[in-house]
Structure formats: structure tokens, C-alpha cells
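Engineer: Have a look at this one before I ask anything.
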Amino acid sequence: MKLREAEILGASILIVDDQESNVMLLEQVLRDAGYTHFASTMNPREVFALHRKNQYDLILLDLQMPGLDGFQVMEGLKTNDADSYLPVLVITAQPGHKLRALQAGAKDFISKPFDLVEARTRIHNMLEVRLLYKKLEQYNQELEQAVKERTAELRESEARYRSLTELASDWYWEQDENMNFTKVSGPVLEMLGIQVEPLAGTAGAVQAAGWDEAERAVLQATIAARQPFLDFLFSRVNADGSQQQYRVSGEPMFTQSCRFIGYRGIGVEITSPK
């Protein structure tokens, strides 16, 4: 993620200093460096409303001001819920205030009297970090929105898929990685002769006998290999001698990290018990 120099020079900046001479000097520094969007105020109480309205990319804030000092201004700025990043570069003539200012939330400082080269460098560097932060935040918001939209699309697609499978088959099912039934649509359990309590698990399941063991072995081997199967035929003989035959199709389900989470499939009964 890169920034063009024009983006940095076009950033919005607010100068806050009660000394007109300092304001004029900082404005000249910004003008000479090529910055095009900057404003100033000598009243620290105006900062909160100005920042809420303009969302400055950088606030050059003097610490020593009457009525409301820079530390109090920073505390007030922290209540701005629209911006979790405090874009403040403090201006101080007191070396002992630097650490306190950084602990209060300032991102950097400029010492008085100004070293013009240092001031331009610190302003440029902080704006670069600030604008990259904003780009990253915007990217994360767009990504979150894309994920929400994609999730909604997948849910809608799954609903359509289930609707179609219900129309095209006698039953639809899903099983977890332990092959416990988790979702069932249609009389699959009754048709297979399975009684399960509770539905989501196979504990206490009673399965009807009479399945063709060779067919069952082939199907179990396919499932164990995590392979899909299409129109697989299997059958059973009921206790009264009647026969039932089924055609089933299924596919394994995996997470994005390729972890197996179960099977889903559809099936139809080809013959009914006599």
C-alpha cells in the first residue's frame, strides 16, 4: 500500500497555537513545503468542533496555552467516536513535556524554537502514517462489507440448492465429521429404518438390518476416502422379505482451510416395500 506525494500534500491540517507569530511561521512552513489544505485557530476551545466537522489528518497543537492547554485538548479529542486515531503532533518548548504528551496520545512532537527542516520532516512522516492508517481502515471496512455480502449470497445460494434438491429427491441430509445426522429434509430416517434420539446425534441410533453388505462396504470406503458419489445404488431386504432399493448422491464438505466437516447429499427410493 503506497501513497502518492500529492496525497500527502493534499492532506488537511489544523494549526492550534495562541501565539500569532507561531501560527504565521507554521503556515509559512506548510506553504513552502507545498501543502494546500491547512487552517489555524488561536482558540483551543474551537478545536473539538473544527475537528468533528473537518476530520483533520493532522493537528499541530501547542501545549502551553491559557484557558485550555494542549493536554486538555487531547483529552477532549479522545471523545470523538468517529476517529480512534488521535492525529496530534504537539509543539512544546519544555523537554519534560514530551514524554507526557506522548503518553497522553500525541503521535510525535516538534520542539521550540523550530528547526524548519525537522518540522517539515516530522509533519511529512506523520501525515504519511496517518493516511496509510486511514487507507487500511477503509480497506478493512470494504473487506468486512464484502464478506457480509458474500455470506448473504452463500446463504441464499444454499437455500436455493436445498429447495431444488428437495424437489428433485425424496430426501436431503447433512452429516458432521463423525457422520452424525445434523440436518434432514424428507423421510430419510424413516426410509432407511433409522431411529435417532436426539436427531443431531447417532447415540442410541437403531439401524434396520438387511443391507447388502458388499454395497455398504463400497459406500463406506468412498466416504472414508472423502470422495463424492453420484447415483450410487444400494439395497436392503426387510424382515418380511420385501426389498428396497435407493439411489443416492453425496459430496464431502470442507472449510476454507480444507478441514473435513462432513457430508451432504440427496437420495430417492427406487422401489417401495411390498
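Engineer: For Val218, which of the numbered conditions (1) within 12 Å of Thr271 (Cα to Cα); (2) at pLDDT 85 or above fails to hold?
Structural biologist: Going through (1) within 12 Å of Thr271 (Cα to Cα); (2) at pLDDT 85 or above one by one, Val218 breaks only (1).
Engineer: Grab the helices (runs of 4 or more DSSP H) fully contained in region 96-195, keeping just those with 3 or more residues being at pLDDT 80 or above and more than 30 Å from Gln243 (Cβ to Cβ). Even if it seems obvious, please write down each step before you answer.
Structural biologist: Numbers: elements: 97-103, 116-168, 188-192.
Those helices (runs of 4 or more DSSP H) span 97-103, 116-168.
Engineer: Moving on. Looking only at region 231-243, decide whether some residue is part of a loop (DSSP other than H, G, I, E, B), surrounded by fewer than 16 Cβ atoms within 10 Å (Cβ to Cβ), among the hydroxyl-bearing types (Ser, Thr, Tyr) and at pLDDT 65 or above. It would help to see each step written out before you state the result.
Structural biologist: Within region 231-243, the first condition is being part of a loop (DSSP other than H, G, I, E, B), and the residues that meet it are 238-242.
Checking the rest, the ones that are also surrounded by fewer than 16 Cβ atoms within 10 Å (Cβ to Cβ) come to 238-242.
Subset that is among the hydroxyl-bearing types (Ser, Thr, Tyr): 242.
In the following step, the residues that additionally are at pLDDT 65 or above were identified as 242.
The answer is yes; a qualifying residue exists.
Engineer: Applying the selection to region 106-128, what residues are surrounded by 16 or more Cβ atoms within 10 Å (Cβ to Cβ) and aliphatic (A, V, I, L, M)?
Structural biologist: Passing the criteria: Ala106, Ile110, Ala119, Ile123, Met126, Leu127.
Engineer: Name every residue in region 1-33 that is assigned to a loop (DSSP other than H, G, I, E, B) and free of Cβ contacts under 8 Å to residues at least 24 places away in the same chain, in order of residue number. Walk me through how you get there before you give the answer.
Structural biologist: First pass over region 1-33, keeping only residues assigned to a loop (DSSP other than H, G, I, E, B): 1-4, 10-11, 17-19.
Passing the criteria: Lys2, Arg4.
Engineer: If you don't mind, there's one more thing I want to ask. Among the candidates Val16, Val47, Val29, single out the residue that is more than 19 Å from Arg130 (Cα to Cα), of a type in the set (Val, Ile, Thr) and in the same structural domain as Glu128 (by TED's automatic domain parsing).
Structural biologist: Values: Val16 fails: more than 19 Å from Arg130 (Cα to Cα); Val47 fails: more than 19 Å from Arg130 (Cα to Cα).
Answer to the check: Val29.
Engineer: Just wondering, is there one or more residues in region 63-84 that are surrounded by 13 or more Cβ atoms within 10 Å (Cβ to Cβ) and either in a strand (DSSP E or B) or without any contact (Cβ under 8 Å) to a residue 24 or more places away in the chain (or both)?
Structural biologist: No, every residue in region 63-84 fails to be surrounded by 13 or more Cβ atoms within 10 Å (Cβ to Cβ) and either in a strand (DSSP E or B) or without any contact (Cβ under 8 Å) to a residue 24 or more places away in the chain (or both).
Engineer: So is Val47 surrounded by 21 or more Cβ atoms within 10 Å (Cβ to Cβ) and not small (Gly, Ala, Ser) or not? Don't jump to the end; show me each part of the working.
Structural biologist: Numbers: surrounded by 21 or more Cβ atoms within 10 Å (Cβ to Cβ): yes; not small (Gly, Ala, Ser): yes.
When the stated conditions are applied, Val47 passes them.
Engineer: Out of (1) modelled with pLDDT of 90 or more; (2) within 34 Å of the chain's Cα centre (by Cα); (3) of a type in the set (Val, Ile, Thr), what's the single condition that is false for Thr79?
Structural biologist: Thr79 satisfies every listed condition except (1).
The values are calculated or read from the model by the stated rules, or taken from the named source; none is laboratory data. Since we're looking at a predicted model, the values are computed, not measured. Backbone-built Cβ (ideal geometry, glycine too); neighbour counts: all protein chains shown.
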